[in-house]
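**Student:** Take a look at the following structure, please.
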Amino acid sequence: MSYGNPAQYIKQLYVTQECSKNDYAREIIERSQLPVTIIDDRSQPDIPGQYPDNLTQGKHHLLLCRNRGQFFKPCPGTREYTCCEYQVLNIGMGCPMDCVYCILQAYLNNPWISFFVNIDDLMAELDTAFATEPDRFWRIGTGEFTDSLALDSLTRFSPHLVNYMRDKKRAVLELKSKSVVIENLKGLDHGGRTLVAWSLNSGSIMEQEEIRTASFEERLAAAAQCADWGYRLAFHFDPIILHDNWQQGYRKTIRRLFEVVPADQICWISLGALRYLPSLKAIATSRFPGSRFFYQEFIDGLDGKARYFRTQRVEMYKLIADELARFVKSETCVYFCMESDNIWQEVFGFSPEEKGGLGAMLDRSVNE
């Protein structure tokens with residue numbers, strides 16, 4: 001079975017009482033054709049077992065609810081490493097896909113997936129932010145706590161966002177995915193304000209460690225289709241994982257990427273070596289005992305996350321950056337996600353501050 005559309009893994013829908021009359025929630029319910037359970041506003045889906053042991057089962061369950069917190073906030077980067085000043089738009093929590101390395105396993109504590117249906121509040125929050133800082137340029141993404149498109153066949157939320165963003169000249173939206181649910185993007189007047197992005201990796205990592213995700217070739221075909229629809233693109237090599245024949249694996253991915261996707265429509269490509277909260281190792285190795293990469297050598301980074309030794313990171317980064325340099329256009333920003341200035345200097349020969357800061361580098365790549 002192909003999981004290009006991972007929403008097919010959802011088998012049960014829950015809706016909180018307060019959202020059961022919400023027009024958007026009703027639209028999703030009708031479209032889903034799934035069994036529906038209405039629960040009290042403060043109740044939770046009843047998934048047997050304890051977290052994280054019930055996480056695999058929980059991914060069959062989707063809760064439509066209200067976000068009572070903030071939708072829009074800065075990416076939770078750390079001061080110790082260079083952050084790109086990305087802004088997170090939180091449309092839901094959890095994901096039907098199941099990557100072995102996924103940080104959400106340790107970050108969240110609910111086994112089910114949540115999607116927020118009070119989208120009028122979300123848009124109002126964006127309106128307020130844009131009005132409060134009218135001269136700021138905003139780079140926004142929905143892929144921090146969930147996948148941007150994995151549930152889009154059920155929610156059809158992407159057109160709401162794309163249509164909202166199309167006239168926002170001081171902002172750009174990035175929809176980042178490991179799925180290929182792009183049908184709802186077709187025919188939209190996006191105004192160049194939405195980028196569609198995919199996470200990529202070495203072939204063996206995508207095949208073995210990214211469960212229920214679209215295949216590499218499916219991702220490339222979807223990217224090429226979006227480019228044909230006029231969307232600009234982005235790609236993320238994150239996490240870069242040390243494994244047998246990693247050099248050949250990453251080179252092959254990069255060469256195939258540029259055989260299929262037009263280089264002049266790629267705004268940015270990020271690189272980030274595997275890093276994880278200490279609590280993730282026990283969860284992931286228990287859930288995926290066949291995976292071995294957590295047993296490699298790591299050190300504690302300045303942010304408290306386990307990281308490869310600096311020499312190992314630099315070796316991997318240099319190979320991938322050199323390979324990318326053969327194909328990328330000069331206006332494409334190739335950058336590190338959460339690395340130190342020392343690593344920037346060693347791999348690229350400059351630090352972000354020399355070019356106005358990483359945020360400015362990315363802003364230029366999407367505005368030039």
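**Student:** From the list ASP244, ASP238, which one is under 30 Å from ASP53 (Cα atoms) and touching a Gly at 6+ places or on another chain (Cβ under 6 Å)?
**Tutor:** Details: ASP244 fails: touching a Gly at 6+ places or on another chain (Cβ under 6 Å).
The match here is ASP238.
**Student:** Specify the residue that is surrounded by the most Cβ atoms within 10 Å (Cβ to Cβ); the eligible residues are those in the stretch 209-240 that are over 22 Å from VAL328 (Cβ atoms) and touching a helix residue (DSSP H, G or I) at 6+ places or on another chain (Cβ under 9 Å).
**Tutor:** THR213
**Student:** If you go through the stretch 43-96 one residue at a time, how many are aliphatic (A, V, I, L, M), within 15 Å of the chain's Cα centre (by Cα), modelled with pLDDT of 95 or more and not in a loop (DSSP other than H, G, I, E, B)? Break it down stepwise before answering.
**Tutor:** Of all residues in the stretch 43-96, those aliphatic (A, V, I, L, M) come to 47, 55, 62-64, 88-89, 91, 93.
Narrowing further to those that are within 15 Å of the chain's Cα centre (by Cα): 88-89, 91, 93.
Next, only the ones that are modelled with pLDDT of 95 or more stay: 89, 91, 93.
Next, from what is left, pick out any that are not in a loop (DSSP other than H, G, I, E, B): 89, 93.
Total meeting the criteria: 2.
**Student:** Does any residue in the stretch 130-142 that is under 15 Å from LEU89 (Cβ atoms) and of a type in the set (Phe, Trp, Tyr) come within less than 9 Å, Cβ to Cβ, of a residue that is at pLDDT below 95 and assigned to a strand (DSSP E or B) six or more places away or on a different chain, and which pairs are these?
**Tutor:** TRP138/GLN87
Let's see how each residue does on (1) in a helix (DSSP H, G or I); (2) of a type outside the set (Asp, Glu); (3) touching a strand residue (DSSP E or B) at 6+ places or on another chain (Cβ under 6 Å); (4) at pLDDT 95 or above:
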{"site": "GLY192", "(1), (2), (3), (4)": "no, yes, no, yes"}
{"site": "LEU195", "(1), (2), (3), (4)": "no, yes, yes, yes"}
{"site": "SER204", "(1), (2), (3), (4)": "yes, yes, no, yes"}
{"site": "GLU207", "(1), (2), (3), (4)": "yes, no, no, yes"}
{"site": "ALA214", "(1), (2), (3), (4)": "no, yes, no, yes"}
{"site": "GLU218", "(1), (2), (3), (4)": "yes, no, no, yes"}
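**Student:** Show the residue pairs that are 6+ apart or on different chains and have beta-carbon atoms under 7 Å apart, the first residue being within the stretch 335-360 and within 19 Å of ILE240 (Cα to Cα) and among the charged types (D, E, K, R), the second being modelled with pLDDT of 95 or more and not in a loop (DSSP other than H, G, I, E, B).
**Tutor:** Qualifying pairs under 7 Å: GLU346/VAL314.
**Student:** For the stretch 85-124: of the residues being surrounded by fewer than 17 Cβ atoms within 10 Å (Cβ to Cβ) and not aliphatic (A, V, I, L, M), which is farthest from PRO52 (Cα to Cα)?
**Tutor:** Per the stated criteria, the residue is ASP120.
**Student:** Please count how many residues of the stretch 265-284 are over 19 Å from GLY203 (Cα atoms) and within 22 Å of the chain's Cα centre (by Cα).
**Tutor:** Total meeting the criteria: 13.
**Student:** What do you reckon, is GLN12 modelled with pLDDT of 95 or more, under 27 Å from LYS178 (Cβ atoms), out of contact with any His (no Cβ under 6 Å at 6 or more places or on another chain) and surrounded by fewer than 19 Cβ atoms within 10 Å (Cβ to Cβ)?
**Tutor:** For GLN12, the condition - modelled with pLDDT of 95 or more, under 27 Å from LYS178 (Cβ atoms), out of contact with any His (no Cβ under 6 Å at 6 or more places or on another chain) and surrounded by fewer than 19 Cβ atoms within 10 Å (Cβ to Cβ) - is not met.
**Student:** Collect the residues in the stretch 226-268 that are in a helix (DSSP H, G or I), farther than 17 Å from GLU174 by Cβ and of a type outside the set (A, V, I, L, M, F, W, C), keeping them in residue-number order.
**Tutor:** Passing the criteria: ASP228, GLN247, GLN248, GLY249, TYR250, ARG251, LYS252, THR253, ARG255, ARG256, GLU259, ASP264.
The values are calculated or read from the model by the stated rules, or taken from the named source; none is laboratory data. On a predicted model such as this, the values are computed, not experimentally measured, just so you know. Don't worry about glycine lacking a Cβ; one is built from the backbone with ideal geometry, like all the others, and counts go over all protein chains shown.
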